[in-house]
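The values are calculated or read from the model by the stated rules, or taken from the named source; none is laboratory data. Remember, it's a predicted structure, so these values are computed and weren't measured experimentally. Here the Cβ positions follow ideal geometry from the backbone for every residue, glycine too, while neighbour counts run over all protein chains shown. In case anyone asks, the SASA skips ligands and DNA or RNA and just uses the protein heavy atoms, side chains included. Shrake-Rupley method; radii C 1.70, N 1.55, O 1.52, S 1.80 Å.
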Amino acid sequence: MGVYEARVISHQKLQESAYLLELHCPEIVEKAQAGQFVHLKCSETLAPLLRRPFSIHKTDAARGSLSIYYAVVGEGTDLLSKVSINEQLSVLGPLGKGFQLTKGKNVVVIGGGMGIAPMLFLAEELSKNDNKITILLGARDKEGLLVKDSFARFTNDLQLATDDGSLGHKGTVVELLKESLQDNPTMLYACGPLPMLKEVKRLSEKEGIPCQLSLEARMACGIGACLGCTCKGKGEKYYPKVCSDGPVFWAEEVDLSE
Amino acid sequence: MSKAPDLSMEIAGLKLKNPVLVASGTFGFGMEYCDYFNPSVLGGIMTKGITLEPRPGNPPPRLCETPAGLLNSIGLENPGVDDFLASYLPVMKEKFSTAIIVNIAGSTVEQYAEVSSKLDGVEGIDALEVNISCPNVKEGGMAFGATAQSAAQVVAAIRNETSLPLIVKLSPNVTDIVEIAQAVVDAGADALSLINTLLGMAIDIEKEKPVLGNVFGGLSGPAVKPVAVRAVWQVSQSVDVPVIGMGGITGAEDALEFFMAGASAVAIGTGNFTDPLTAVKTLSGIEEYLTEKGYASIKELIGKAWKGS
Ligand SMILES: Cc1cc2nc3c(=O)[nH]c(=O)nc-3n(C[C@H](O)[C@H](O)[C@H](O)COP(=O)(O)OP(=O)(O)OC[C@H]3O[C@@H](n4cnc5c(N)ncnc54)[C@H](O)[C@@H]3O)c2cc1C
Ligand SMILES: Cc1cc2nc3c(=O)[nH]c(=O)nc-3n(C[C@H](O)[C@H](O)[C@H](O)COP(=O)(O)O)c2cc1C
Ligand code: FES
């Protein structure tokens, strides 16, 4: 972990408001694990005041680079989208507890919306360990699935879902997951919007399949010092920190009720 | 070549190698930041608030960024004084060669007194900082620091239990901060720190409800700096004890304002989140400023703006 000035190597607009940003930061790449994130300063000024967390989408050891896949949703990401090649960004990372990798298992990887971001790095790591991998990706429309091709080389079983039916199954990834459960998977990995995570958690508990979820929370420090990014843990009044106890949690560790 | 300026400072008998500290609740127990810099280069570390019993803190969400500011409602999540002494302090002692200032909090006067008595005489603790912004459960939840009388009552009770240097941290959520400052000094405070956060809230217009799980939160960051500088200016002129200034410091220029307003030391809080190196950068910026302006010591700047030259 450390704080680095990372140079922008490439910055590409993928769809209406989503971008792929590649940063040169060999120190982070060397240590990064799937499911971890970086905490980025989106501007050189104090507006916005806080950094913004983004999952590591992929790494490229040869280029010493990591990429993030992000959507413009507010001030910070809007400023980020205007950053040009060769500019420097202050990056903290790699942060948090990533996914626990399996070996020789039958796994299902589920990514919904921007929750697709950490799943590419995960799929790559899982593919190195003789796992049978099913990947389920969902988005509002086909624009939201433009990164799908990069997943194809890590699996023979890539299934897509869109809300409007413009690509793949018309419906949700949770519906695809229900089908996949017939194949008796032994591990589920999920990242996506809260309603999706709740459903995945419910199904995993119903079927008794171990399940890892990547959660989000508003963050300040990003390193476990401010106690601001908590979620609800299982049991009486226990609040795990998403930045340092997570962002990846076992489904049974967390209470996703609002 | 001119000599390097003297940055050392003495506050309430506590010798600091330099006057840049990190503020309670923003630096944990110091361990988290070790991956980014060596906290021992700072003048001291103010710990997360410690209470008698462990506290789980407030339900999430606990953070909301606002223009140039941050609202937090952590709710004093902490391991409790016994676990602090058993598990955290020993690591801090071993890792850090800088002042360790333990911030304490409570819901009753008795709790403050008991925590202080447990911390008194413990090797490795250099001073106590008392957070009097906590609600007094026996007085309908009004903050201890809200009136001169209740603030003085807490401080007197703590003074009875400890010979450690006592720094009392004032809340800005009062009508007359000078009156409170004088009352706590009369009750035995050796130094004051200010300001704690300003009470605020935010509403999510999509969900049509408050953003924070606890409804209200404390505002910190650059947005509160003018309030803090004003408070330091007023308080430092009305009491004889040193003042530690904080509120919205993100670099040396901000810190220098606090010294000139009357602070003898400063603490970085929210600024640590923007950049974990804010405190070290502030320290080196202060040194550069002193050198450039030909000051031999940081002490020459204390209260400069009201003392005149
Ligand atoms: C561990 C982690 C990994 C993340 N990875 C990615 C990623 O790979 N790609 C990506 O696009 N985004 C990711 N995010 C979310 C990203 O951090 C936010 O979108 C970003 O902080 C928004 O900043 P902003 O200034 O643009 O928006 P703001 O102006 O801060 O907010 C705009 C709107 O988005 C909402 N919002 C912002 N952040 C969050 C959040 N964390 N959870 C829920 N709602 C939020 C706000 O409530 C508001 O309505 C991740 C978040 C976490 C915690
Ligand atoms: C996340 C967070 C947690 C805090 N926790 C405490 C605390 O436990 N005790 C305390 O006295 N002050 C606490 N504070 C207040 C700070 O120590 C400081 O007084 C205040 O934030 C103003 O300084 P700043 O603007 O530099 O952050 C906290 C502030 C923040 C932002
Ligand atoms: S963001 Fe500070 S503890 Fe997680």
Qualifying position, being more than 18 Å from residue B:287 (Cβ to Cβ) and at pLDDT 95 or above, among B:12, B:23: B:23
Residues being assigned to a loop (DSSP other than H, G, I, E, B) and free of Cβ contacts under 8 Å to residues at least 12 places away in the same chain - total across the range B:9-56: 1
Filter result (open to solvent by 20 Å² or more (accessible area, probe 1.4 Å) and of a type in the set (A, V, I, L, M)) within the range A:182-208: A:194
Complete set of residues in the range B:36-60 that are more than 9 Å from chain A (Cβ to nearest Cβ) and under 26 Å from residue B:283 (Cα atoms): B:38, B:39, B:40, B:41, B:42, B:43, B:44, B:45, B:46, B:47, B:49
Tabulated pairs, the range A:222-249, first among the basic types (Lys, Arg) and open to solvent by 10 Å² or more (accessible area, probe 1.4 Å), second near ligand 3 (Cβ under 6 Å from one of its atoms) and assigned to a loop (DSSP other than H, G, I, E, B), C-beta under 7 angstrom, 6+ apart or interchain: A:241/A:224; A:241/A:227; A:241/A:229
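Out of the range A:156-188, which residues are part of a loop (DSSP other than H, G, I, E, B) and either within 24 Å of residue A:19 (Cα to Cα) or not assigned by TED's automatic domain parsing to the domain that holds residue A:116 (or both)?
The answer is A:163, A:164, A:165, A:166, A:167, A:168, A:172.
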Index of the failed condition, residue B:224 passing every other in (1) modelled with pLDDT of 95 or more; (2) farther than 17 Å from residue B:145 by Cα; (3) open to solvent by 40 Å² or more (accessible area, probe 1.4 Å): (3)
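Being without any contact (Cβ under 8 Å) to a residue 60 or more places away in the chain, touching a Lys or Arg at 6+ places or on another chain (Cβ under 9 Å) and surrounded by fewer than 24 Cβ atoms within 10 Å (Cβ to Cβ) is the filter; apply it to the range B:178-214 and report the residue that is farthest from residue B:104 (Cα to Cα).
Checking each candidate, the answer is B:203.
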Residue within the range B:18-29 that is more than 12 Å from ligand 2 (Cβ to nearest atom) and surrounded by fewer than 18 Cβ atoms within 10 Å (Cβ to Cβ) present: no
Residues being more than 7 Å from every other protein chain (Cβ to nearest Cβ) and part of a loop (DSSP other than H, G, I, E, B) - total across the range B:61-73: 2
Subset of the range A:1-46 (residues that are in a strand (DSSP E or B), more than 18 Å from residue A:69 (Cα to Cα) and of a type outside the set (D, E, K, R)): A:2, A:3, A:4
Residue list for the range A:213-235, restricted to those being charged (D, E, K, R) and facing another protein chain (nearest Cβ under 8 Å): A:218, A:232
Filter pass, residue B:76 being more than 19 Å from residue B:156 (Cα to Cα), within 12 Å of another protein chain (Cβ to nearest Cβ) and in a strand (DSSP E or B): no
All positions within the range B:256-281 that are crowded, with 24+ Cβ neighbours inside 10 Å and more than 14 Å from chain A (Cβ to nearest Cβ): B:258, B:259, B:261, B:262, B:263, B:264, B:265, B:266, B:267
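Of all residues in the range A:47-56, which are open to solvent by less than 10 Å² (accessible area, probe 1.4 Å) and either in a strand (DSSP E or B) or within 6 Å of ligand 1 (Cβ to nearest atom) (or both)?
A:48, the sole residue that qualifies.
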Filter result (within 11 Å of ligand 2 (Cβ to nearest atom) and open to solvent by less than 20 Å² (accessible area, probe 1.4 Å)) within the range B:59-81: B:62, B:63, B:69, B:70, B:71, B:73, B:74, B:78
Answer residue from the range B:227-239, given it is in contact with a helix residue (DSSP H, G or I) (Cβ under 8 Å, 6 or more places away or on another chain) and β-branched (Val, Ile, Thr) and is surrounded by the fewest Cβ atoms within 10 Å (Cβ to Cβ) among those: B:239
The one condition in (1) touching a residue at least 40 places away in the same chain (Cβ under 8 Å); (2) away from chain A (no Cβ under 14 Å); (3) open to solvent by 10 Å² or more (accessible area, probe 1.4 Å); (4) assigned to a helix (DSSP H, G or I) that residue B:86 fails to fulfil: (1)
Within the range A:1-41, considering residues that are within 23 Å of residue A:246 (Cβ to Cβ) and among the aromatic types (Phe, Trp, Tyr), the one most open to solvent (accessible area, probe 1.4 Å): A:4
When residues of the range B:261-284 are limited to those that are more than 16 Å from ligand 1 (Cβ to nearest atom) and more than 14 Å from residue B:21 (Cα to Cα), the one farthest from the chain's Cα centre (by Cα): B:275
Lone qualifier among A:222, A:233 - being within 10 Å of ligand 3 (Cβ to nearest atom) and not hydroxyl-bearing (Ser, Thr, Tyr): A:222
Filtered residues of the range A:61-116 (kept if away from every other protein chain (no Cβ under 14 Å) and among the β-branched types (Val, Ile, Thr)): A:68, A:72, A:83, A:85, A:102, A:107, A:108, A:109, A:110, A:116
Given (1) open to solvent by 60 Å² or more (accessible area, probe 1.4 Å); (2) within 25 Å of residue A:51 (Cα to Cα); (3) assigned to a loop (DSSP other than H, G, I, E, B), number of the condition residue B:253 does not satisfy: (3)
Selection within the range B:177-194 - assigned to a helix (DSSP H, G or I) and among the hydrophobic types (A, V, I, L, M, F, W, C): B:177, B:178, B:180, B:181, B:183, B:184, B:185
Evaluation of residue B:134 against (1) modelled with pLDDT under 95; (2) away from ligand 2 (no atom under 16 Å from the Cβ); (3) touching a strand residue (DSSP E or B) at 6+ places or on another chain (Cβ under 7 Å) (one fails), failing number: (2)
Test set (1) more than 13 Å from ligand 1 (Cβ to nearest atom); (2) within 30 Å of residue A:179 (Cα to Cα); (3) touching a residue at least 60 places away in the same chain (Cβ under 8 Å) - residue A:90 fails condition number: (2)
